[in-house]
Amino acid sequence: MHHPEPAYVRRTADPRVWRRPRWLLILIGMVAAASAFGQDVIWIGRPSARDYLALNVQRAVEGYAELRQQMAQFEAQVGEARRAYFTAASTDRAAAGDKFGELLFQKDLMIAWPRISAGGDQAQRLASLMTLGNNGRPLDGGIPPSARKAFNHWISAVGFGVGAGLGMTPDPIKAAAALASGGSLKEYEAYRRLRDQAEYDDWEAQHNGAARKLIEPGSAISARLFFGETPMMRGFDHRIAKPENYVLRCMYAGRKEETSLFYFWQGQPPQDIAILLAMNPSGLARLKDHAVNQCPPDDKQARAIEASPIKAIITPEIARDARAQRNSIPLDPIEAQAIQDRNAAARQKLDARKAREDERNAKLQACREALQTEVLAARQDRDRIATDAARAKYRDCSRNAGK
């Protein structure tokens with residue numbers, strides 16, 4: 001694959017920057033690391049993060065609040081700089097790369113800052129607010145999927161330097177020092193190499209028709225972890241969480257998640273895929289019933305599989321059952337039999353109790369009738385002693401009836 005002239009080529013070198021032996025060693029090390037992976041190094045902007053960190057980090061940190069409120073304008077600037085860099089003539093590419101690289105760094109900082117300044121749940125809330133402020137979209141497509149792990153390592157290194165997680169924004173001087181420290185610089189260079197490669201691959205795919213290559217063999221994720229908990233859909237959760245259900249995650253070159261990540265059922269779809277599709281059509285909008293044994297070699301083949309028609313047939317009966325079972329958990333035969341046995345035993349106890357109550361009520365009724373007859377006779381004879389004896393007899397009869 002032909003690569004454009006690296007953006008860091010400069011006609012007039014600054015000996016104060018470019019002749020430092022330590023930076024030559026860093027650059028040689030980065031080139032050697034890239035060669036070990038069998039690929040060229042793609043840099044956008046200057047080759048050393050420290051060069052533009054020293055020039056731009058103070059301005060980027062101080063301008064963060066303003067940039068956050070002007071994300072649409074910022075995205076347009078990034079898009080314009082991206083086009084200018086990739087379409088620039090070789091003589092203009094270095095300057096275009098410096099501008100594009102600076103904007104990419106500001107983008108990285110805008111995405112990283114909530115986590116650096118807050119951490120934990122508060123960082124998630126700040127990031128969510130930024131996403132909402134950008135109409136629900138991650139800023140300029142977000143961090144490339146292939147570079148997210150390295151990006152997180154960089155954030156951790158910077159956060160350690162500024163004392164992240166205290167819930168307050170670090171001052172620019174302290175942030176600049178942390179960003180330019182050796183630990184964070186090393187992590188940022190590793191992330192930046194992956195980010196710039198993703199930028200280049202994405203441009204090639206969009207404008208030159210190149211297929212996005214598979215970055216990793218694919219990782220299998222249990223369907224239970226992939227879908228998590230779906231409120232008000234316990235039936236779906238129960239069915240999808242069967243141990244044989246796995247989702248294969250395939251990552252391809254590119255800078256946006258929607259064009260870089262594809263998901264397929266591993267091996268075969270669940271046996272009850274039709275009712276699952278009827279239960280949760282939005283949750284299975286991309287997966288559908290498409291299954292592969294291994295990730296397709298490029299994104300064009302992956303997209304063709306993803307766009308293929310659904311084979312599962314959802315009949316009216318299946319749709320009706322899906323609505324009825326969406327929030328219910330079906331029982332396995334052993335558990336169902338155990339519940340049936342417990343219910344039968346409970347019914348027997350209830351019937352026995354009812355029989356005892358009926359017997360007691362019958363005895364009490366007999367006692368009341370005997371009392372009524374004897375008291376009536378005693379009153380006719382005006383026999384007070386006989387009346388008291390009849391009442392005492394009724395009390396004894398009532399006590400015996402309850403035993």
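Can you say whether ARG382 is free of Cβ contacts under 8 Å to residues at least 12 places away in the same chain and loosely packed, with under 10 Cβ neighbours inside 10 Å, as far as the supplied structure shows?
yes
Here are GLN58, GLN106, GLN70, GLN122: which of them is at pLDDT below 90 and farther than 24 Å from SER184 by Cα?
On the way: GLN58 fails: farther than 24 Å from SER184 by Cα; GLN106 fails: farther than 24 Å from SER184 by Cα; GLN122 fails: farther than 24 Å from SER184 by Cα.
Checking each option against the conditions leaves just GLN70.
In the set (1) modelled with pLDDT of 65 or more; (2) over 28 Å from the mean Cα position of the chain (by Cα); (3) surrounded by 17 or more Cβ atoms within 10 Å (Cβ to Cβ), ASP51 fails one condition alone, (1). Among all positions in region 244-252, there is at least one residue which is in contact with an Asp or Glu (Cβ under 7 Å, 6 or more places away or on another chain) and either at pLDDT below 90 or under 30 Å from VAL158 (Cα atoms) (or both). The set of residues in region 250-273 being within 30 Å of HIS207 (Cβ to Cβ) and in contact with a Leu (Cβ under 7 Å, 6 or more places away or on another chain) consists of CYS250, MET251, TYR252, TYR263, PHE264. The strands (runs of 3 or more DSSP E) located wholly in region 207-313 that include 2 or more residues which are on the phi < 0 side of the Ramachandran plot and surrounded by fewer than 16 Cβ atoms within 10 Å (Cβ to Cβ) occupy 219-222.
Quick grid of which residues meet (1) β-branched (Val, Ile, Thr); (2) in contact with a Ser or Thr (Cβ under 9 Å, 6 or more places away or on another chain); (3) under 19 Å from PHE236 (Cα atoms); (4) without any contact (Cβ under 8 Å) to a residue 60 or more places away in the chain:
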site: ALA312; (1), (2), (3), (4): no, no, yes, yes
site: ILE318; (1), (2), (3), (4): yes, no, yes, yes
site: ASP321; (1), (2), (3), (4): no, no, yes, yes
site: ILE329; (1), (2), (3), (4): yes, no, yes, no
site: GLN337; (1), (2), (3), (4): no, no, no, yes
site: ASN343; (1), (2), (3), (4): no, no, no, yes
site: ALA346; (1), (2), (3), (4): no, no, no, yes
site: LYS349; (1), (2), (3), (4): no, no, no, yes
site: ARG356; (1), (2), (3), (4): no, no, no, yes
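The values are calculated or read from the model by the stated rules, or taken from the named source; none is laboratory data. These numbers come from a predicted model, not from an experiment. Methodologically, a virtual Cβ is constructed for each residue, glycine included, from the backbone with ideal geometry; neighbour enumeration extends over all protein chains shown.
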